[in-house]
Structures are given as structure tokens and as C-alpha cells.
Amino acid sequence: MSSPRPVFYVSDGTGITAETIGHSLLTQFSGTQFSTNRIPFVDNEARAREVAGLIRARGEAMGVRPIVISSCVDTGLALVLGESGALVLDVFAPFIEPLERELLETRESRVGRAHGMVDFETYHRRINAMNFALTHDDGMATNYDEADVILVAVSRAGKTPTCVYLALHHGVRAANYPLTEEDLEHDRLPPRLRAHRAKLFGLTIDPVRLAQIRQERRPNSRYAKLETCKHEVSAAEALFRAERMPSLSTTHTSIEEISSKVLSTLGIERVMY
């Protein structure tokens, strides 16, 4: 079996942009295994040369040419990264020349400039949404009046990471409710959720995958047994059908895709930043 292709998301900022775009690109190639790493704050030549050396060494160790997906705005830094021998893809390159022609203006390749374009109202909305998600995680708080969405699922089906993503990337106040054994004995919504029916979205998962996840958390427990997982998933899906709740399987779906489906299904306007 061939070695995974090393991929580096390199940025003069956090690297979230490069990683998000790069992940979307790599998912189009299911026949290749990738080993990914995010390297943020590459904002000067010395750091770029250090990173280029690391990338070159990784490629030599694995015997395959690395791929670099870069969101560094300084073209000089991109040239230094190219000395690594990797395939360097600039996420901005396809758009700069058409925009320069359209706007009759030449880009300013200034490191950190993009991070100065901050809408503080949007920023605070995202921070407040994150605090909301954390305080309403796994049913810890159940005052859902201010929630934009409530994710409903059995334990370990992907509720928490999706809520955090919705908060951090879209400023959405996302709560989540874990279906308990008692909840699953009925095909009706738990009482505390009934008043918020329009905000509910169900998540489900393949029982085999759920058992694997739970086994890592609580090895050899009843909680992790395949029979338990099959029963819980089946009961949760029956509840979603009975209540005509929108739902989605998280088994082979990325957090980005889950979040997009939740927003579009419930008609929630996402924050752009």
C-alpha cells in the first residue's frame, strides 16, 4: 500500500481558509489517502524557509511529493514555499487576475491585511454563539428560547462538533439535546423539546460506526455494545419519522456539509465574514 500523500495547509494567518478550501478539494479524490497538517502564521521569510524545510523532509521521508495549499498573501512567501519541492497551490491565485481586470486595481500583497477587515458586530455575535453552544451542550442547559437550532441525537452522533462549527463559523446559536433511554421508550418528543419543534434537527449515524466511537470512549461497556447502538439508532430514527423531523446521517458527512444542510433546511441565515 502506498504512503499517504502529505498535505500542508499553510497560511500567514490561522490557516482556516486554506484548510477549508483544501479539504473541499481533497474530498474529490477518494482514491488517494492524505495526511494533513495545518501550519499557521507563516508571515515572514525566515518562517517560510523553516516550513519549506519541514515539508521537504516529510516528502523525502514518505517517498512522495507533498502538496501545499497556501493562503499566504505575500507572493514572495509562496516562492519560498515552492523551494520545498512540493506542489504549491495558492487558493487566491485563480481569482486575483480576474478581479484586478474588473476593478482596474492591482492587489496589495500585504501580510495580515485580510485580518484587518473585521466586522466587530459579527465577531461578537460569533463569540456569543460559541458561549451559547458550550452552555447548552448535551442538555446541560435547556432554556431554548434563544436557540436558532437544536440538534437532537443519541450520544456521540456528532451533535457537539456541529454546534461548535455553527457557532464559530456562522454565528448560529446551536444547542443540542441527547436522547436518553427514557426518551427512546416513546415515539414522541421529550416534553422540553415540544415547544421548540420548528428549531429541531435530528442527527443519526450508522450503528457500527457509533459502536466504534463509543468503544474508544468507554471500552467494553454496555454503552458501546453494537446491540445497544442498533437499538438506540433505530428508536431515534423512528422518533424522527413519527414527529416528521428533518434529519441527516453523519456517518459519511463532514461537519461542513452537516452544518450547511441544517442551515438550509431550517432557513437560517448564516453570518458571512
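Miscellaneous remarks
- So F41, is it within 30 Å of T253 (Cα to Cα), among the aromatic types (F, W, Y), open to solvent by 30 Å² or more (accessible area, probe 1.4 Å) and not in a helix (DSSP H, G or I): yes
- Condition broken by L239, with the remaining ones in (1) crowded, with 17+ Cβ neighbours inside 10 Å; (2) in contact with a Gly (Cβ under 9 Å, 6 or more places away or on another chain); (3) without any contact (Cβ under 8 Å) to a residue 24 or more places away in the chain satisfied: (3)
- For E83, the criteria (1) acidic (D, E); (2) at pLDDT below 85; (3) under 26 Å from S3 (Cα atoms) hold in every case but one, which is (2).
- All positions within region 23-36 that are farther than 18 Å from I258 by Cα and buried (at least 16 other Cβ atoms within 10 Å of the Cβ): T36
- Wholly within region 198-273, helices (runs of 4 or more DSSP H) carrying at least 2 residues that are among the aliphatic types (A, V, I, L, M) and under 22 Å from H23 (Cβ atoms): 255-266
- Of all residues in region 161-197 being polar (S, T, N, Q) and in contact (Cβ under 8 Å) with a residue 24 or more places away in the chain, the one that is farthest from L134 (Cα to Cα): T162
- With respect to the stated conditions, L79 is over 25 Å from the mean Cα position of the chain (by Cα), among the aliphatic types (A, V, I, L, M), surrounded by fewer than 18 Cβ atoms within 10 Å (Cβ to Cβ) and under 24 Å from F95 (Cα atoms).
- Among (1) in a helix (DSSP H, G or I); (2) within 22 Å of L25 (Cα to Cα); (3) touching a residue at least 12 places away in the same chain (Cβ under 8 Å); (4) not acidic (D, E), the one test that P94 misses: (3)
- Some residue of region 137-152 being surrounded by 15 or more Cβ atoms within 10 Å (Cβ to Cβ), modelled with pLDDT of 90 or more and of a type in the set (D, E): yes
- Among residues of region 35-46 that are within 11 Å of L77 (Cβ to Cβ), those with a beta-carbon under 9 Å from a residue that is open to solvent by 40 Å² or more (accessible area, probe 1.4 Å) and at pLDDT 90 or above at least six positions away or on a different chain give the pairs V42/E50.
- Restricted to region 202-218, and to residues there that are closer than 23 Å to S259 by Cα and basic (K, R), the residue that is least open to solvent (accessible area, probe 1.4 Å) is R214.
- Complete set of residues in region 1-22 that are assigned to a loop (DSSP other than H, G, I, E, B) and either among the small types (G, A, S) or open to solvent by 60 Å² or more (accessible area, probe 1.4 Å) (or both): M1, S2, S3, S11, G13, T14, G15
- Meets criteria (at pLDDT 95 or above, out of contact with any strand residue (DSSP E or B) (no Cβ under 6 Å at 6 or more places or on another chain), surrounded by 15 or more Cβ atoms within 10 Å (Cβ to Cβ) and hydroxyl-bearing (S, T, Y)) for T228: yes
The values are calculated or read from the model by the stated rules, or taken from the named source; none is laboratory data. As the structure is a computational prediction, the values presented were derived from the model and not from experiment. Methodologically, a virtual Cβ is constructed for each residue, glycine included, from the backbone with ideal geometry; neighbour enumeration extends over all protein chains shown. Heads up: the accessible areas ignore ligands, DNA and RNA and are worked out on the full protein's heavy atoms, side chains in. Shrake-Rupley method; radii C 1.70, N 1.55, O 1.52, S 1.80 Å.
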